[in-house]
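This report concerns only the one structure given below.
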Amino acid sequence: MTIPLGTVPDQNWRSRTPVRRGHIDAPTWAGPRAFASRPSSVHRRLEYAEHDRVFRAINPQLQPGMLVIWERAPWRVAEIREIPQDLWPAPWITHWDRHFRFWFDGKQEQPAPDPATWRDRPVNVVLEPDGGGKRKHLAARASLEWPILPEHYAVCRSCGELPPCREELLEKHVDRQVAKSDRLLSIPAGACMGCGETIGSRQKEVAFPGPNLWRLDLPEGTARFHARGDCSDWVNQYRKQWQEQGAPVSEEQPSLFGESEG
């Protein structure tokens, strides 16, 4: 049975362990911008200094020995090296040429950009698995923020990844799909394939000809939905899957794009 899938897991992964944001170049900002427009006073300057210290504490300059996250695992920064411009990988050369051309074409009132201090220049970062192992050499842009782990962190006992690990997210994803499949299996023939409610004789509907792609056990012509706003997301999901099957547009029911309720 083919069921409509949700979002693919692991697209926006974040570690459960709180992290700081590491920077290749030392942060040069002066702190929260909210203070810039406030009148100066002794109290305000002290408050500003406190916020500035906190801000810098969570945005440190990346240093050898720090623990960072790479590919869901804890790695120790072993070395950070600048890459000479004549050894830059091809994508950076193209990006730098574009950046310099942008300055040359309209930003010449500012100093010419310097490849040695360019915020997106490539930097060689050498990582070593925490606890020892084969080192990894990465060419990363200098502006990349590195998630810095504390010295005390948790890992999955089964796979060794930082939580939530891939297996945990996959299990949740599968559970959601099973729940969605169970819901579809409970919908009787002739009912709305979205909400599962009966489509009344006076209600407008969106109908798709051919086999029911979500319920192959039902006869053809049973892919029907309410033509209302509450069911429009299901209609769009089914339409996309239906069109991917190569169904010609001429086969669409006249009611498919008709006026909807609600």
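Observations on the model:
- Unique match (being under 30 Å from Cys159 (Cα atoms) and not hydrophobic (A, V, I, L, M, F, W, C)) among Gln177, Gln243: Gln177
- Considering (1) free of Cβ contacts under 8 Å to residues at least 12 places away in the same chain; (2) under 30 Å from Arg81 (Cβ atoms); (3) of a type in the set (Lys, Arg), the lone condition that Arg202 does not fulfil carries the number (2).
- First in region 122-138 and open to solvent by less than 60 Å² (accessible area, probe 1.4 Å), second anywhere and hydroxyl-bearing (Ser, Thr, Tyr), Cβ under 6 Å, 6 or more apart: none
- Matching residues in region 118-134 - criterion: being over 13 Å from Ile80 (Cα atoms) and part of a strand (DSSP E or B): Pro129
- Residue check for Gly210: modelled with pLDDT under 85 and either crowded, with 16+ Cβ neighbours inside 10 Å or not aliphatic (A, V, I, L, M) (or both): no
- Every residue from region 165-199 that is in contact (Cβ under 8 Å) with a residue 24 or more places away in the chain, among the hydrophobic types (A, V, I, L, M, F, W, C) and farther than 14 Å from Tyr238 by Cα: Cys165, Leu169, Leu170, Leu185, Ile187, Ala189, Ala191, Ile199
- Residue match in region 76-86 (condition: open to solvent by 70 Å² or more (accessible area, probe 1.4 Å) and assigned to a helix (DSSP H, G or I)): yes
- Selection within region 135-189 - part of a loop (DSSP other than H, G, I, E, B), within 30 Å of Ala90 (Cα to Cα) and within 22 Å of the chain's Cα centre (by Cα): Ala142, Ser143, Leu144, Glu145
- Filter pass, Gly194 being part of a loop (DSSP other than H, G, I, E, B) and buried (at least 16 other Cβ atoms within 10 Å of the Cβ): yes
The values are calculated or read from the model by the stated rules, or taken from the named source; none is laboratory data. This one's a predicted model, so the numbers in the text were calculated from it and none came from an experiment. No Cβ is skipped: glycine too gets one built from the backbone with ideal geometry, and neighbour counts run over all protein chains shown. Heavy atoms of the whole protein, side chains included, go into the accessibility calculation; ligands, DNA and RNA do not. Shrake-Rupley method; radii C 1.70, N 1.55, O 1.52, S 1.80 Å.
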